[in-house]
Amino acid sequence: MKEKDANQSFETVKRIFTEYLEEKGNRKTPERYTILKEIYATEGHFDIETLYIRMKNNKYRVSRATLYNTIELLLNCSLVTKHQFGNNCAQFERSHKFKEHDHFICVDSGTVMEFADPRLTEIQKFVEKTFNVKVTHHSLTFYGHCKDDEKSDVSNN
């Protein structure tokens, strides 16, 4: 992503976050915006401990409690998505304007691979029509053994 596009994207998520904080009566602290910026500069999945260490290494003064509380706020306003890939450690990823995708988890190495398949849209339409519902989001995760340890993103679009 070009720097100009990245800056515009961050300004958009910052605005969404600000509106959410104001609507809910939460404080708009510099630490919360720093956490948001760090998350949106992160590619792929992360856990809170890794984010905490990275922020400390970058000389940001932020507590684990602030991280956990801010992640909850970001989850509530749909700027971050939470995954539980069968272990005790929750993984997160940014979610605003990012292509919907699903996951394959290698149970041997813990590698997370992302994929997109347009057939899932047809399945979603089937579910909506069959049950007369509106699907707002979904989660599909496959688990198995890797044939090699290469990480890769696979897209069938």
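The values are calculated or read from the model by the stated rules, or taken from the named source; none is laboratory data. Computed from a predicted model, the values in this text were never measured in an experiment. Please note: Cβ atoms are built from the backbone with ideal geometry, for glycine as well, and neighbour counts cover all protein chains shown.
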Requested in this report: Might you check whether a residue that is at pLDDT below 95 and over 25 Å from MET113 (Cα atoms) occurs anywhere in the stretch 77-86?
Outcome: yes
**Report entry** Positions within the stretch 87-104 being under 16 Å from THR50 (Cα atoms) and at pLDDT below 70, in sequence order
**Finding:** ASN87, ASN88
Requested in this report: Give the stretch 38-54 a look and list any residue that's under 20 Å from GLU11 (Cα atoms) and either assigned to a helix (DSSP H, G or I) or among the aromatic types (Phe, Trp, Tyr) (or both), or say none.
Outcome: GLU38, ILE39, TYR40
Report summary line: From the option list THR141, THR136, THR81, single residue qualifying as β-branched (Val, Ile, Thr) and over 30 Å from LYS24 (Cα atoms) is THR141
Query - Test for ILE35: is it without any contact (Cβ under 8 Å) to a residue 24 or more places away in the chain, of a type in the set (Val, Ile, Thr) and either within 24 Å of THR111 (Cα to Cα) or in a helix (DSSP H, G or I) (or both) - result: no
